Every structure is written in structure tokens, then in C-alpha cells.
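Asker: Sharing a structure below in C-alpha cells format, with a few things to ask.
The values are calculated or read from the model by the stated rules, or taken from the named source; none is laboratory data. Source: prediction; values computed, not measured. Don't worry about glycine lacking a Cβ; one is built from the backbone with ideal geometry, like all the others, and counts go over all protein chains shown. Side chains included, ligands, DNA and RNA excluded: accessible areas come from the protein's heavy atoms. Shrake-Rupley method; radii C 1.70, N 1.55, O 1.52, S 1.80 Å.
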Amino acid sequence: MQTSTSDPVDGTPVRRAAPLSAAMTGTRVIDRLVDVALAQPDATALGDATGTVTYGELLRAAAEVTAALSAAATGRDPVGVLRGPGVGTMVAVLGVIGSGAPVLVLDPTTPAARLRHYVQAAGTSVCVSEPAFAADAAQVCTTVVATGSVEQPVRTLQEAAALLRGAPSTPADPVAVAYTSGSTGKPKGLSYDSEMLMGDAWATAVGTGAYDVDDVVANLLPAAFSAGLTNALCGLQVGATQQLFDPRSRPITELPGWLRDVGATVLLASPAILRGLASTMPPGERLDGLRVVIFAGETVHGTELAAIRRVVGERCELRNRYGSSETGLLAEFVLRPDDTAPPGATPVGWPMPGKRFQVRAEDGTLHDHGKGPLVVSSAWLSSGYWQEPELDAAVFGHGEDGLRTYLTSDVADIDDDGCVRLLGRTDHSVKIRGNLVEPGEVEAVLFARPEIREAVVTGVPSPRTGHMRLVAHVVPDVPRLDASTVRRAVRDVLPGFMVPQEVVFLPALPRTERGKLDRAALPPVPERATGGSPARTDWERVVAGLFARVLELDEVGMDDDFFALGGDSLAAEALLAAVGGELGVDQDVLSTALLTQAPTVGAFAEAVRRRRRPEHPTLVPLQPAGTRTPLICVAGAGGVALGFRALAQRLGPDQPVLALQAHGLENRGLPDWSVAAAARRHLRTLRTVLPHGPYRLAGHSLGAVVALEMAHQLRAVGEEVELLAVLDSFPPDPTLSPRFFAGGPYRRLKQLVSLVTTGLLPDRGLGHYLRFHRQGMALARRHRSAPWPGRTLVVIARDDEHAEVRARWAPHLTGPWTASDVPGDHVGMLHEPNVAAVAEALRRELEALDGRAAEPEPARTPDPADT
């Protein structure tokens, strides 16, 4: 059955499959897929980085896999698929389904020991693979079938359709098996039949109006995860075009351009990926082609919805969804363009078509409203746990209406209009970066280690972000055991998202008077001791901040190892995307291989720094977009322009910020040997992009003195300088600047050699920045400046030992000026959380200049007594 629509370009008829309907849920999945392909053989079905296939090509390729499996006499046991992500995996999946055997999709990034557990538990002995992963497949399965290995290739659609429909199966027979984390220390397999998959597909797309046959769906979910597999099958059953993007092998910075190139109208991704997308897109840039963004897997907060809204079109709707491996899609909360985002955690919303929610009271009775463990009723639930009848009996059942029921582990609050909010879990499972983790699995790995006597793993919200993180409380059985050893033991066996981010060592686990583990008495995670020395340069501080943000830690040290801290492939991708998008590093420089070779904060910062080739070595556009007058920031002695990054972000997406740093600091060249020369060079560079004012200048430390000299030079050629912002700088008075030379004769000689060789010696890391810092101190000792008659803001770091001296700017300012003191020391004032106060002081001045806010208090002019 098919329908006809018109081509949007030339109006010619286009054959389309009949819309998926609820009445089709009694159909086998393979029959629906064949019907779609026969109805629209020339429509694009799937695409990935290597190309696209039409529905007709997909049908024929899948039939080849079916023929190969028939030749291998696989029977009805689940058949594995171990391939790289993309179109080839889905071809193999459909070929396995066509053979009549359930499909088990295996993730090539999962450790072999865990894959082996999956195939043994499922009873799988045959695996469909490709040359790149054939050796891996042979480690876990006894028979490996190469995709497309068939003696008589299928040559027509009709032959392909007959072969795929030929297996004697019913809609109630298993189609797929997917594994999820298990509380007993071993994964649990879920069985999906056609009735469940067809019903889930209809509700996911058509029943909720999310998308239909004319949409292009950008699918970023791995097929080895249950949600990835069911959504990929859903798109094919609908007849839509589905474009596959693997965020574990491609940088997030490629995603916006890719979405435009493929013409995506619907984006399906995890909240973690969407956070990375929102943080890497330039301010003001929008994905106007998207009309729907769908996400699920973890709690999303109102601030995150706002961030996503800023990068999509104004008419795009956001759909926050909730489901489980046992049930498929359960509920959704739709945020339409004119809706106000809810504060705090977003509700999971209302039940999907075909699903009913109730909560179970302590006496076992079910209620349509109130709080309690959530019970789901539907004809479209999983068939149950694969070959685990005891697990089935504990949670699956039938209601009075005959519908199948499932008792979830979620505690819910159903309000009077049926909207559902999740309050927590009845078991100990937690969501880590969108993945359901049963801590018992991690505990089983730890208990198997001879150096560990006892261990308990729990989920604890991060105090900084509120997202869950895994914490392992461990009782060692050896004199010395460190956290990195514990994490490594888990990482060798389990996926990266199951590695504890924090490890707490105890002499014994707390227990009740009856000897049971007392989880409530587990000590909180102590303040984490960072690895090794703290960051020493602006560049190291910026990179360390990105490590901490991606791993959801308060801080990290230079010797902290990304993978030892629990970083996985998705976290690595988020880090690389942030470094590329926020620090202006060419994506050709960045790779997971580089992070693997240099996994510590210090090593990675240095490896990336050496590979950076900025377009303008001394001018860095921290925030190039925006409608307001740009703010020009000048870095201090030995400081990099990226040191202003946090300030730029705090000033908001509409405020352009450009930053300048010393010539020779990060490019080949000799430094300037006077403040005036540095100012002239900065102006030559700046005026290539901003030839005329008005100019707004800010400088930190020595950068403020250079900015003052730039202001004088601009004024001398008739340009307007609206604002000079002095950020914690000694005044341009040599008597107030710190002395450069100190110590005995030998030390003074070394300092002199260091000074005169600035910019001459090869860049060897930290020493290079220190030489530029000392050279800047020497410039300050030789520089005097005429008083500045223009508008000025002086910001002082109140917690710095030199705060009183740096506040002595009055004799050098003859125009209107204001002063503000902020928390933090000289360096810390430009970093979170102190930078918020600096940004607020600057924002008041900038908005006053723009007429967006009331003028500040009457400008202060220097009192003669100040001099």
C-alpha cells in the first residue's frame, strides 16, 4: 500500500509508503519494512559519513545478509551484529530479523569480556561482522559471517522481499534482544517482539506528531543501546529518511554543518550531546532547519532547555522523553516555541498513546494520582527478560483489564492532570550521562579483585551540576591502594560511564546493629585532592577548567588523568569539542588518540598548545558575534588572551569580545621592548578588523597599562575611546611596580640572562611564559604615562596582597572614573566564581554607554588630596 505526494521542487508525484498507524501493530516488523521499501524504493532510507542508501538498496542488501545466515544454518538463537556504527550495522540488523532469528547488536567499543558475557547469556554463537571487526567478533562468537557473503546475490526487489518475508515467524516472536545493567552483578537481556516494536514506533513518531514520512531524522544514538536500536527501526517503519551521526567518532563541532548538509528536520540525541552542541556553537548561530529536537535518558533542567533553545530555530519544539528498556517510550513533555520553560528539573510529562500510568500504594493498591512506585500498563511492553523467568515474575504481570503491566523502579508523582514527575528510584540504579547503571555490576567487579575486601557503589549528585556521579566506597585488603588502581580495574571490564568518578577508602563499611550495610551512614565524598601541582599559566587554567566541567568535578590538578577520573568516549568527545569550539583549536589537531597519548591535564594542555596555529597569533576573537560595540581585552605579562574566556562568557552572547596578547608569546617572534611599542603593534593588528572606533578597552595587570597607552595613541589620531577598564593593575608609575631584579649576584645574573633571551630560546613550555612575565615586569619599571582624561573603570581584586597599591590610580585619571573591588586574588579574579563580579562591574559600564541602563552614580574625579 502506498500514497502519493508532490515533490516540493517540481511538483511531480513522489511515491510514499502508507502512514504507519496503530492498526498496524499486529504486523511483523520485517513485513512493514518490506512494504515501505516496495512502496518507495527510490526514497533515501539511511545515510552516514560514507554515503546513503535508498529503501530499495537497503532491502536488497539486507536480503543478502539473510541469505548468508540461511547458508550458515543459524537456527532461532539470537544472532550478533558487530560492526562499526552506520548504515552497515542497520543493513545487518534487518538481515538478521529477516532470517527469523532475534538480533543482538554489539558495541565495538565495549570491552571483549563484557561482550562475551552478552553472547553467552543470550545463547549467541553466530555473529555478522565486517573485516575491520572480524577478529573481535571471533573472540566472542564461534561463527562469523561476513556481510554480503552469499553465492547468489539477490538481484530484484521482489526476490529480496520474498526472502526477507520467508521466515515462519509471528508478531509475538522475539525480534531483538538488548542488554542493560543488572543489579545482581550481571547484565539483563530484554526481549522485543514485533507487537512491542510496531506500537512503540507508532507512538514515537506518528501518534505524537513528532515526525512522519517526509522528515529527515538525524539519529545520534548508538544502535547497540536499546533506545538507539528501537529509534532506528522506528524511522524505517515510518518511512522517513534517517541520517546517522556517531558522536563517539566524529567531533561535535562537525554536527551543526552536518545537520544543515543533510537537511535534518528532526534531531534525536542524548542530553549530553545537546549540551556539547549548545556550548560549541558560535553565539547567534541557529539551526533553523530543525523543527523538532527529541532527547531522553537523563534529567534535563530549565537552564539546559534555554541553552538548547538558543541554538535552534524560533519555531522548533523540544520533546523531553522518558522510557526504559523494559517498556520502550513511556512519556514526553513537549516544550513548544511559545511555552515557558519550567524551572528546575523538567517533568517527564504525560503518557504516550497506548500507555497508562498508576502509582502503587504501600498496601499494593493502584491509584491514578499521587506518589509512589510507577506502574505502567500497555499492550506494547517488552516480552520480558531473556530466559530469566524469575526476573519476569518480579516486575511483569497483567492488570484487571488484561493489559500487560510493568512495575518500574522509579518513584513518581502523578498530578491531577496526569503530568508525571520522577522523584527517585526504589532500587539503587542511577543514570550516568544518560546510561542506566546498576551499581551492583560495578561492585561485582570490585569484589573480584584480591586487593579489595569490600566495596559499595552509589550514585551521588554532583554539588556543582546536580548530575549523578558514581562513588565507590572501598575497604582495601592490602596496605596501599590508590583510586586510579580501583578505576582502572573497572575500566578494564566495563564501559567508561560505569567507572566511579570518586573513590573513598574506609577501614570498614558502616553496618546496622543487625550487620546489614548501612547506606545512610556512608561518609560523604571528601573534598577531592587534585593530582599534582595546580595550573601555572592562563592556558593551563583554561584547559583544566574544561577538564573539570566535562567530568563534572570542582577542580583538577595538572597530573590528573582524564580516563582515571572516569572519562569515557562521550566525555572525551565533549572535551575535544569544547577545546575546538571554545579555544579556537583546529579540529585537525584534536583527536581521541592525542588525549590517549597525553591523558593528564598538564600533558594534554601542552600537547594542544604546541599544535595550535591561530589565524592571528596576538588577536583572539573570544566572542566574535553580537550586536554591541566590541570590548577589546589586553592580557598581562606572560598571560594569554584565552585568560579572558570566562569573562567573555559572563558578558553574554550579544557582547563581542576580542583579546590581545604579547607578540612572540604563541608565535615566532621577538617581544616588544617598550609599552609604547607593544601598544602600536596591538593597534596595527586590531585595526585590521576594527579600523575605526568608538573603542572600548580593558586590560588585566600589565595589559591595563598597555591598554592605557593604546587609548592615548588612538586619541592622538582622532579616534574615540569610550571606556578604559583597568583590571587589577599597578599604575603606570615605576616607583610602584615590583622590582624585577632580586637576590644575590648569581641570581641577578640568571634573571638578566632570562630577560635578554625572551623570545630567542625555543619554546619549552612553562619557562617560556615565565620569561615573558618577567620581561613584562621590566617594561612596567621603565614606563610612565600621561594622565588619561577619558571615562575609566578601575577594578581591584580585594583579596590580593597588592590590592592597596593597585588601587592608586587617582593621580593618573583626570576624567570621570569609578572604582569597584571584587573577590579573589590577582589571577583568580578572572576565573569562576570571582569573574562574575568583574563581569557585572563591566556590564554596568557597557550598558550605561549603550543607554540600556541607568547611568552609574555621578562619576568621580580625583581629589587633589589623592595625589
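Asker: Name the residue that is most open to solvent (accessible area, probe 1.4 Å), counting only residues in region 335-353 that are among the aliphatic types (A, V, I, L, M) and under 16 Å from Ile414 (Cα atoms). Lay out the reasoning, then the answer.
Answerer: As a first pass, look at region 335-353 and keep what is among the aliphatic types (A, V, I, L, M): 335, 341, 345, 348, 352.
With under 16 Å from Ile414 (Cα atoms) added as a condition, the list becomes 345, 348, 352.
On the way: Ala345: 41, Val348: 16, Met352: 5 Å².
The selected residue is Ala345.
Asker: Further, regarding this structure: Tally the residues that are on the phi < 0 side of the Ramachandran plot, over 29 Å from the mean Cα position of the chain (by Cα) and of a type outside the set (Val, Ile, Thr), restricting the search to region 634-644.
Answerer: Taking region 634-644 and keeping what is on the phi < 0 side of the Ramachandran plot, we get 634-637, 639-644.
Filter once more, so that each one left must be over 29 Å from the mean Cα position of the chain (by Cα): 634-637.
Then keep just the ones that are of a type outside the set (Val, Ile, Thr); that gives 635-637.
Counting residues in region 634-644 that are on the phi < 0 side of the Ramachandran plot, over 29 Å from the mean Cα position of the chain (by Cα) and of a type outside the set (Val, Ile, Thr) gives 3.
Asker: When only residues in region 477-488 that are closer than 24 Å to Pro187 by Cα and either exposed (fewer than 13 other Cβ atoms within 10 Å of the Cβ) or touching a strand residue (DSSP E or B) at 6+ places or on another chain (Cβ under 8 Å) (or both) count, which is modelled with the lowest pLDDT?
Answerer: Step one: filter region 477-488 for residues closer than 24 Å to Pro187 by Cα, giving 485-488.
So of that shortlist, the ones also either exposed (fewer than 13 other Cβ atoms within 10 Å of the Cβ) or touching a strand residue (DSSP E or B) at 6+ places or on another chain (Cβ under 8 Å) (or both) come out as 486-487.
Values: Val486: 87, Arg487: 82.
Only one residue tops the list, namely Arg487.
Asker: Tally time: how many residues in region 81-111 are under 14 Å from Ala224 (Cα atoms) and of a type in the set (Gly, Ala, Ser)?
Answerer: 4
Asker: For region 773-812, what are the residues that are assigned to a helix (DSSP H, G or I) and under 15 Å from Gly703 (Cα atoms)? Can you show your working first?
Answerer: In the first step, residues of region 773-812 are kept if they are assigned to a helix (DSSP H, G or I); the result is 773-781, 803-806, 810-812.
Correct list: His773, Arg774, Gln775, Gly776, Met777, Ala778, Leu779, Ala780, Arg781, Arg806.
Asker: Also, quick follow-up: For Arg356, state whether it is over 21 Å from Lys431 (Cβ atoms), touching a residue at least 40 places away in the same chain (Cβ under 8 Å), in contact with a Gly (Cβ under 6 Å, 6 or more places away or on another chain) and open to solvent by 40 Å² or more (accessible area, probe 1.4 Å).
Answerer: When the stated conditions are applied, Arg356 does not pass them.
Asker: Name every residue in region 362-392 that is farther than 14 Å from Ser325 by Cα, open to solvent by 20 Å² or more (accessible area, probe 1.4 Å), within 38 Å of the chain's Cα centre (by Cα) and small (Gly, Ala, Ser), in order of residue number.
Answerer: Gly370, Ala379
Asker: I'm trying to understand the selection: among the residues of region 350-381, which are among the small types (Gly, Ala, Ser), within 30 Å of Met198 (Cβ to Cβ) and not in a strand (DSSP E or B)?
Answerer: Taking region 350-381 as the starting set, the residues that turn out to be among the small types (Gly, Ala, Ser) are 354, 361, 364, 370, 372, 377-379.
Next, from what is left, pick out any that are within 30 Å of Met198 (Cβ to Cβ): 354, 377-379.
Across region 350-381, the qualifying residues are Gly354, Ala379.
Asker: Starting from residues that are among the β-branched types (Val, Ile, Thr) and at pLDDT 80 or above, keep the ones in region 501-524 and report whichever is surrounded by the fewest Cβ atoms within 10 Å (Cβ to Cβ).
Answerer: Taking region 501-524 and keeping what is among the β-branched types (Val, Ile, Thr), we get 503-504, 512.
In the following step, the residues that additionally are at pLDDT 80 or above were identified as 503-504.
Numbers: Val503: 26, Val504: 16.
Here the answer is Val504.
Asker: Residues to consider are Pro823, Pro811, Pro833; find the one that is open to solvent by 10 Å² or more (accessible area, probe 1.4 Å) and touching a strand residue (DSSP E or B) at 6+ places or on another chain (Cβ under 9 Å).
Answerer: Details: Pro811 fails: touching a strand residue (DSSP E or B) at 6+ places or on another chain (Cβ under 9 Å); Pro833 fails: touching a strand residue (DSSP E or B) at 6+ places or on another chain (Cβ under 9 Å).
Result: Pro823 is the single residue among Pro823, Pro811, Pro833 that is open to solvent by 10 Å² or more (accessible area, probe 1.4 Å) and touching a strand residue (DSSP E or B) at 6+ places or on another chain (Cβ under 9 Å).
Asker: Kindly state which helices (runs of 4 or more DSSP H) lie completely within region 209-310 and contain at least 1 residues that are open to solvent by less than 40 Å² (accessible area, probe 1.4 Å) and over 27 Å from Ser382 (Cα atoms). Break it down into steps so the answer makes sense when it comes.
Answerer: On the way: elements: 226-238, 255-262, 271-280, 302-309.
Output list reads 255-262, 271-280, 302-309.
Asker: Among the residues of region 28-47, what is the count of those that are more than 33 Å from the chain's Cα centre (by Cα) and polar (S, T, N, Q)? Can you show your working first?
Answerer: Let us first name the residues in region 28-47 that are more than 33 Å from the chain's Cα centre (by Cα), namely 28-42.
Pick out the ones that are also polar (S, T, N, Q) and you get 40.
Going through region 28-47 one residue at a time, the tally reaches 1.
Asker: Residues being of a type outside the set (Val, Ile, Thr), part of a strand (DSSP E or B) and in contact (Cβ under 8 Å) with a residue 40 or more places away in the chain: count how many of those fall in region 434-454.
Answerer: Residues in region 434-454 being of a type outside the set (Val, Ile, Thr), part of a strand (DSSP E or B) and in contact (Cβ under 8 Å) with a residue 40 or more places away in the chain: 3 in total.
Asker: Here's another thing I want to ask about it. Being more than 20 Å from Val499 (Cβ to Cβ), of a type outside the set (D, E, K, R), open to solvent by less than 50 Å² (accessible area, probe 1.4 Å) and outside any strand (DSSP E or B) is the filter here; which residues of region 417-433 pass it?
Answerer: Taking region 417-433 as the starting set, the residues that turn out to be more than 20 Å from Val499 (Cβ to Cβ) are 417-427.
When the remaining residues are screened for being of a type outside the set (D, E, K, R), the result is 418-420, 422-424, 426.
Next, only the ones that are open to solvent by less than 50 Å² (accessible area, probe 1.4 Å) stay: 418-420, 424.
Result: Gly418, Cys419.
Asker: A follow-up question, please. Would you check if there is a residue in region 271-292 being at pLDDT 95 or above and under 21 Å from Pro351 (Cα atoms)?
Answerer: Checking region 271-292: at least one residue is at pLDDT 95 or above and under 21 Å from Pro351 (Cα atoms).
Asker: Looking only at residues that are aliphatic (A, V, I, L, M) and within 26 Å of Pro656 (Cβ to Cβ) in region 272-289, which one is farthest from the chain's Cα centre (by Cα)?
Answerer: Residues of region 272-289 aliphatic (A, V, I, L, M): 272-274, 277-278, 281, 287.
Imposing the further condition that a residue be within 26 Å of Pro656 (Cβ to Cβ) reduces the set to 274, 277-278, 281, 287.
On the way: Leu274: 7, Leu277: 7, Ala278: 9, Met281: 13, Leu287: 18 Å.
By that ranking, first place goes to Leu287.
Asker: In region 559-576, is there at least one residue being open to solvent by less than 10 Å² (accessible area, probe 1.4 Å), modelled with pLDDT under 80, at positive phi and not hydrophobic (A, V, I, L, M, F, W, C)?
Answerer: Yes, that holds for at least one residue.
Asker: So, one more: Do we have Val93 as of a type in the set (A, V, I, L, M), touching a residue at least 60 places away in the same chain (Cβ under 8 Å) and out of contact with any Leu (no Cβ under 6 Å at 6 or more places or on another chain) here? If you could, list the steps in order and put the result at the bottom.
Answerer: Working: of a type in the set (A, V, I, L, M): yes; touching a residue at least 60 places away in the same chain (Cβ under 8 Å): yes; out of contact with any Leu (no Cβ under 6 Å at 6 or more places or on another chain): yes.
Taking the combined requirement at face value, the residue satisfies it.
Asker: Look through region 448-460, keep the residues that are open to solvent by 20 Å² or more (accessible area, probe 1.4 Å) and in contact with a strand residue (DSSP E or B) (Cβ under 6 Å, 6 or more places away or on another chain), and return whichever of them is farthest from Pro500 (Cα to Cα).
Answerer: In the first step, residues of region 448-460 are kept if they are open to solvent by 20 Å² or more (accessible area, probe 1.4 Å); the result is 448-451, 453-454, 458-460.
Going one step further and asking which of them are in contact with a strand residue (DSSP E or B) (Cβ under 6 Å, 6 or more places away or on another chain), we end up with 453-454, 458-460.
Values: Arg453: 17, Glu454: 15, Thr458: 9, Gly459: 9, Val460: 11 Å.
Out of the qualifying residues, it is Arg453.
Asker: Condition first: at pLDDT 85 or above and more than 15 Å from Cys633 (Cβ to Cβ). Now tell me which residues in region 663-687 satisfy that. Let's see the steps before the verdict.
Answerer: Within region 663-687, the first condition is being at pLDDT 85 or above, and the residues that meet it are 675-687.
Within region 663-687, Val675, Ala676, Ala677, Arg680, Arg681, Arg684, Arg687 meet the criteria.
Asker: Of the residues in region 630-640, how many are at pLDDT 80 or above and either aliphatic (A, V, I, L, M) or surrounded by 24 or more Cβ atoms within 10 Å (Cβ to Cβ) (or both)? Even if it seems obvious, please write down each step before you answer.
Answerer: Here is the first cut: in region 630-640, the ones at pLDDT 80 or above are 630-636.
Adding the requirement that they be either aliphatic (A, V, I, L, M) or surrounded by 24 or more Cβ atoms within 10 Å (Cβ to Cβ) (or both) leaves 631-636.
Number of matching residues: 6.
Asker: Same structure, new question: Select from region 393-404 the residues that are open to solvent by 60 Å² or more (accessible area, probe 1.4 Å) and free of Cβ contacts under 8 Å to residues at least 24 places away in the same chain and list them in ascending order.
Answerer: Ala393, Ala394, His398, Glu400
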